[in-house]
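**Student:** Before we start, here is the structure in question, set down as structure tokens.
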Amino acid sequence: MLQIEALHLEDFGPFKGKQSLRFSLEDGVTIIYGENMRGKTSLLNAIRFAFFGKVLGRGRKTLALHKIGNWEQTSLGKFGFQVQLEFREDNHKYRLTRSCHPRSGIVAPSDDSDYTIEYFLSCDGNVMGPQQAETELKRILPEQISRFFLFDGELLQEYEDLLNSETDMGRRISEAIERILGVPVLTTARATLSALKDKSEHREALAAQGDQKTRELGKHLAELHAQRQTLREDTQRLERDLEQARSQKAALEEAMKKKERLAAWLDKRDILERMLREITSRREVKQVELQQAMATAWTALLDEPIRQAAKALRTQEDALQTEIMRHEVLRELQANANSECPACLQVVSPEARKRIEISLAHSTGQDRGQRQRALAAVRRKLAALEDHGGLSQKSALRLLWDAVDDAEMDFANKKSERDEITKQLESVDEEALRKTKTDFEAAIKSIDALEKGIVKSREAIEQYNADAENIQRRLDKLGGGSLAKERRRREIYSNLHRLFDAAVGNYREQLRKRVEADATRHFRALTTEPDYAALKINDSYGLTIIHKDGSDIPVRSAGAEHVVALCLIGALQNNAPLRGPIIIDSPFGRLDRSHTRNIVKALPTMTKQIILLVYDDELPADIARNELKAKLRGEWRLERRSAKHTDLVPRKD
Amino acid sequence: MANDKKTVGITATNAAALAHLVSAGHFSSELDAAKFAMAYAIKAGVRSGATDGAETKWNVGSIDPDGSMRSLLEALFPESTVEPYRLAEYLMNEGIKALGEQGGRTNVYDMLFPASEARG
Amino acid sequence: MTSKIDPKNDEQSRALLETVEQLREQQFPHLSADLVRNVLRIHSSAAAGEVDLVRAVEEAVEQHLAKVI
């Protein structure tokens with residue numbers, strides 16, 4: 001039984017500096033509270049890192065180790081991290097230390113290749129050699145099944161893979177389950193016995209050739225064995241080829257997906273090029289319109305000078321007009337002796353008349369005609385100014401300018417977009433991609449042919465088996481004492497082989513029934529839906545919920561998925577020799593209160609040590625304490641010091 | 001006044017600057033650009049004058065078919081002792097020279113629509 | 001540390017043995033129970049390589065044959 005005693009972290013994720021978590025060895029549950037983004041998943045990853053040197057992100061993708069070191073430390077130039085795990089197994093005390101540090105000489109590492117990973121495993125105080133340590137770790141916690149112990153509540157996709165055994169992942173997981181449930185013991189035994197059976201049959205055939213009575217049959221049998229052996233080897237080769245063709249197909253499928261993306265890019269590039277051509281011709285049209293408008297644009301610059309000049313001319317006009325009028329009045333006054341002043345309506349006095357005479361005498365030089373001509377000239381100039389004033393139509397001109405500018409901007413933007421796509425497509429070998437499609441089709445054909453070939457091969461082997469058995473029977477009738485021993489040997493192997501062959505099927509069946517029964521038992525304790533009666537298991541350990549009326553519940557919510565996954569884990573723990581802690585990140589995230597309560601109460605029945613990573617709303621402390629009571633062995637908090645620094649602190653409240 | 005010019009031209013030194021103005025693509029001809037330069041010179045406050053050594057380029061009939069430009073110049077420069085077309089030649093050359101001195105980035109748009117006038 | 005028969009495998013070993021023994025009784029009563037148990041035990045050991053398994057089973061069968069004959 002694997003039990004974790006302590007986890008020591010150094011600069012791992014948000015856990016700055018040296019920090020430790022201690023766990024009770026008494027059966028029960030330890031709860032670690034922390035809001036999202038505080039580092040709950042990092043704790044799970046710390047344990048993964050300790051055992052496997054890996055850290056996982058969303059979708060089970062391996063994360064770059066370079067990013068794992070505490071960010072506050074790396075910004076200070078301190079790179080690297082370490083995890084130490086203290087655990088017990090079978091009354092032995094282990095200490096596993098795994099560290100990741102920059103290679104010597106590297107001061108500023110930039111990716112994983114700049115780092116080196118080392119680990120040490122000690123047992124009861126004695127450090128193990130590297131080979132031994134590796135074997136021991138693989139035995140204690142095989143990576144393939146770690147998913148059933150380090151359970152990330154958020155990543156349920158992989159569990160759904162179990163329901164679909166067609167997927168590669170589904171097959172691997174069910175193989176992993178069978179491995180921990182002991183099936184390989186029987187399948188290996190079957191294989192060993194099969195080889196030995198063949199060998200004994202061959203010995204018997206050879207022995208038969210030693211006796212004249214049975215020589216012909218013996219030879220015939222030996223030949224059949226040889227041919228069957230060849231066929232078997234051929235079949236194995238075909239099976240290997242099939243495996244290879246299948247992975248090739250998977251790889252090509254990936255490439256095809258990529259090709260679709262590229263086809264989309266190519267389309268986009270073509271569209272952009274068409275748009276660029278349109279924009280260019282649009283711009284050319286506008287450019288010509290602009291040039292035409294610019295022919296008279298020069299007058300637009302003259303608004304101000306024209307206004308100033310017009311102002312001056314108007315002043316001049318006023319002055320001239322006044323002058324002309326004044327002379328008109330004076331002459332009239334001079335001509336009519338007894339006239340009245342049109343302004344004040346008084347008779348002009350002799351003194352005033354004298355002044356008028358003098359004034360008129362002074363202002364000769366410019367006769368009336370000249371003055372009129374000057375005024376006309378000024379008025380002509382004013383007219384010329386006014387003519388030009390209206391010509392420019394500035395706003396229309398501006399629109400044309402802006403249209404040309406916009407077209408140029410549009411062109412530049414689309415051009416850079418197009419250039420970007422072209423660059424992306426540069427590094428791609430279009431020829432190679434076209435080839436991918438043909439290769440894919442070829443792979444499918446190849447797989448089909450191989451599958452058919454294997455079927456035929458197997459049929460042929462069956463035929464040989466039948467023929468061989470035939471001859472064997474005749475030999476048995478004829479054979480004397482010398483053959484007896486060989487026959488006995490062969491019979492034992494044959495029976496042993498058949499027995500273990502049957503045992504594989506029986507054992508699998510019993511196992512599934514037991515897992516199904518245990519899972520159902522857990523399920524009934526966990527579910528809050530009274531109409532749900534049981535869980536049904538399929539060949540790849542996928543579980544379906546059964547309604548009390550016997551029908552399947554085919555689709556279920558993420559919350560239900562959670563519950564079913566937990567039931568499987570509980571059942572595997574009940575049936576596996578590999579018992580260990582269950583560490584769950586956000587187990588209740590999608591569940592309502594009643595489910596949460598049920599699960600919390602049921603957890604201690606699933607395994608001895610449970611570690612939960614939750615946030616306050618997900619599992620309020622009072623609920624946990626009420627449901628678990630004495631089984632609650634420890635409470636911790638992930639406390640925020642900064643966005644990049646979390647502390648592990650025992651919960652005091 | 002003395003006899004006015006019948007042809008108008010650009011000095012050798014201004015020829016490159018004029019060609020440069022046109023190359024930006026806003027004007028469809030050197031004449032349009034020259035008129036623009038003339039207006040620029042007027043706006044900049046260039047006073048009356050005359051240019052020497054201008055090489056003949058345009059006939060006044062092409063420049064000012066309806067005589068309105070002459071009237072305009074007479075109206076803008078009433079005190080000038082220089083004849084209108086000679087004056088026009090002077091202003092064109094002065095304008096081209098000034099625009100050339102701006103070193104290539106002649107921002108015609110900004111001259112037409114100064115920043116103080118907000119975009120509509 | 002690396003034990004040939006893991007103590008915690010007890011339950012599983014029992015389950016395997018049960019399955020095999022039941023089959024033997026029902027379908028192969030003439031096969032020796034001891035021999036069958038032996039073969040199972042050989043394959044339950046964790047660190048055996050392929051060659052060892054074949055040799056070990058051969059030995060077991062030969063020993064059995066020697067006893068009987």
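**Student:** Taking the options A:SER427, A:SER363, name whichever one is modelled with pLDDT under 75 and either surrounded by 10 or more Cβ atoms within 10 Å (Cβ to Cβ) or in contact with an Asp or Glu (Cβ under 9 Å, 6 or more places away or on another chain) (or both).
**Tutor:** Checking each option against the conditions leaves just A:SER363.
Residue-wise test of (1) under 30 Å from A:ALA309 (Cβ atoms); (2) within 14 Å of chain B (Cβ to nearest Cβ); (3) in contact with a Pro (Cβ under 9 Å, 6 or more places away or on another chain); (4) at pLDDT 80 or above.
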residue: A:GLU340; (1), (2), (3), (4): no, no, no, no
residue: A:ARG380; (1), (2), (3), (4): yes, yes, no, yes
residue: A:LEU385; (1), (2), (3), (4): yes, yes, no, yes
residue: A:GLY389; (1), (2), (3), (4): yes, yes, no, no
residue: A:ALA403; (1), (2), (3), (4): no, yes, no, yes
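**Student:** Which residues, taken from the stretch A:55-94, are basic (Lys, Arg) and either surrounded by 14 or more Cβ atoms within 10 Å (Cβ to Cβ) or over 24 Å from the mean Cα position of the chain (by Cα) (or both)?
**Tutor:** Passing the criteria: A:LYS78, A:ARG88, A:LYS93.
**Student:** Give the number of residues within the stretch A:632-653 that are touching a residue at least 60 places away in the same chain (Cβ under 8 Å), surrounded by fewer than 17 Cβ atoms within 10 Å (Cβ to Cβ) and under 25 Å from A:LYS601 (Cβ atoms).
**Tutor:** Looking only at that region, the number is 1.
**Student:** Go through (1) crowded, with 17+ Cβ neighbours inside 10 Å; (2) closer than 30 Å to C:VAL54 by Cβ and name the single condition A:THR520 misses.
**Tutor:** Every condition holds for A:THR520 apart from (2).
**Student:** Filter the stretch B:16-37 down to the residues that are surrounded by fewer than 19 Cβ atoms within 10 Å (Cβ to Cβ) and touching a residue at least 24 places away in the same chain (Cβ under 8 Å) and list them by number.
**Tutor:** Across the stretch B:16-37, the qualifying residues are B:ALA16, B:HIS20, B:ALA24, B:GLU30, B:LEU31.
Conditions (1) of a type in the set (S, T, N, Q); (2) not in a helix (DSSP H, G or I), marked per residue:
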{"residue": "B:HIS20", "(1), (2)": "no, no"}
{"residue": "B:SER28", "(1), (2)": "yes, yes"}
{"residue": "B:ILE42", "(1), (2)": "no, no"}
{"residue": "B:SER48", "(1), (2)": "yes, yes"}
{"residue": "B:PRO65", "(1), (2)": "no, yes"}
{"residue": "B:LEU72", "(1), (2)": "no, no"}
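**Student:** Of the residues C:LEU53, C:LEU31, C:LEU40, which is at the interface with chain A (Cβ under 8 Å from one of its Cβ atoms), modelled with pLDDT under 90 and surrounded by 18 or more Cβ atoms within 10 Å (Cβ to Cβ)?
**Tutor:** C:LEU53
**Student:** Another question, if that's okay. All but one of (1) buried (at least 20 other Cβ atoms within 10 Å of the Cβ); (2) in contact with an Asp or Glu (Cβ under 7 Å, 6 or more places away or on another chain); (3) hydrophobic (A, V, I, L, M, F, W, C) hold for A:ILE546, so report the exception by its number.
**Tutor:** A:ILE546 satisfies all of (1) buried (at least 20 other Cβ atoms within 10 Å of the Cβ); (2) in contact with an Asp or Glu (Cβ under 7 Å, 6 or more places away or on another chain); (3) hydrophobic (A, V, I, L, M, F, W, C) except (1).
**Student:** Would you mind telling me which numbered condition in (1) under 19 Å from A:HIS388 (Cβ atoms); (2) of a type in the set (A, V, I, L, M); (3) more than 11 Å from chain A (Cβ to nearest Cβ); (4) over 11 Å from the mean Cα position of the chain (by Cα) B:VAL82 fails?
**Tutor:** So the condition that B:VAL82 fails would be (1).
**Student:** Moving to a separate point now. Going by the conditions given, is A:ILE584 free of Cβ contacts under 8 Å to residues at least 60 places away in the same chain and among the hydrophobic types (A, V, I, L, M, F, W, C)?
**Tutor:** No.
**Student:** From the list A:GLY542, A:GLY550, A:GLY505, which residue is at positive phi and not hydroxyl-bearing (Ser, Thr, Tyr)? Step through it out loud before you land on a result.
**Tutor:** Details: A:GLY542 fails: at positive phi; A:GLY505 fails: at positive phi.
Testing whether each residue is at positive phi and not hydroxyl-bearing (Ser, Thr, Tyr) leaves just A:GLY550.
**Student:** Checking the structure you have, find out if any residue of the stretch B:89-104 is assigned to a helix (DSSP H, G or I), polar (S, T, N, Q) and closer than 18 Å to B:ALA12 by Cα.
**Tutor:** Yes.
**Student:** Is it the case that the stretch A:280-299 has a residue that's in a helix (DSSP H, G or I), over 60 Å from the mean Cα position of the chain (by Cα), buried (at least 16 other Cβ atoms within 10 Å of the Cβ) and touching a residue at least 24 places away in the same chain (Cβ under 8 Å)? Outline the logic, then answer.
**Tutor:** Residues of the stretch A:280-299 that are in a helix (DSSP H, G or I), as a first pass: A:280-294, A:297-299.
Okay, now just the ones that are also over 60 Å from the mean Cα position of the chain (by Cα), so A:298-299.
In the following step, the residues that additionally are buried (at least 16 other Cβ atoms within 10 Å of the Cβ) were identified as A:298-299.
Narrowing further to those that are touching a residue at least 24 places away in the same chain (Cβ under 8 Å): A:299.
Looking through the stretch A:280-299, at least one residue is in a helix (DSSP H, G or I), over 60 Å from the mean Cα position of the chain (by Cα), buried (at least 16 other Cβ atoms within 10 Å of the Cβ) and touching a residue at least 24 places away in the same chain (Cβ under 8 Å).
So that you can scan it fast, the table gives a plain yes or no per residue for (1) within 14 Å of another protein chain (Cβ to nearest Cβ); (2) under 30 Å from B:SER29 (Cα atoms); (3) at pLDDT below 90:
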residue	(1), (2), (3)
A:LYS257	no, no, yes
A:ARG261	no, no, yes
A:SER281	no, yes, no
A:ALA295	yes, yes, yes
A:ILE306	yes, yes, yes
A:MET325	no, no, yes
A:GLN334	no, no, yes
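**Student:** For the stretch A:457-487, what are the residues that are of a type outside the set (Ser, Thr, Tyr), within 24 Å of A:ARG190 (Cβ to Cβ) and either at pLDDT 95 or above or surrounded by 17 or more Cβ atoms within 10 Å (Cβ to Cβ) (or both)?
**Tutor:** Residues satisfying the conditions are A:ILE461, A:ALA468, A:GLN472, A:GLU486, A:ARG487.
**Student:** Are there any pairs with C-beta distances below 6 angstrom linking a residue in the stretch A:85-112 that is under 28 Å from A:LEU141 (Cα atoms) to a residue that is assigned to a loop (DSSP other than H, G, I, E, B) and of a type in the set (A, V, I, L, M), with the two at least 6 apart or on different chains, and if so which?
**Tutor:** Taking only residues 6 or more apart or on different chains, the pairs are A:ASP112/A:ALA64.
**Student:** Suppose we keep only residues that are over 23 Å from A:GLU491 (Cβ atoms) and assigned to a helix (DSSP H, G or I) within the stretch A:176-197. Which one would you say is farthest from the other protein chains (Cβ to nearest Cβ)?
**Tutor:** A:ALA176
The values are calculated or read from the model by the stated rules, or taken from the named source; none is laboratory data. All values reported here derive from a predicted model rather than from experimental measurement. With ideal geometry, Cβ positions are generated from the backbone for all residues, glycine too; neighbour counts draw on all protein chains shown.
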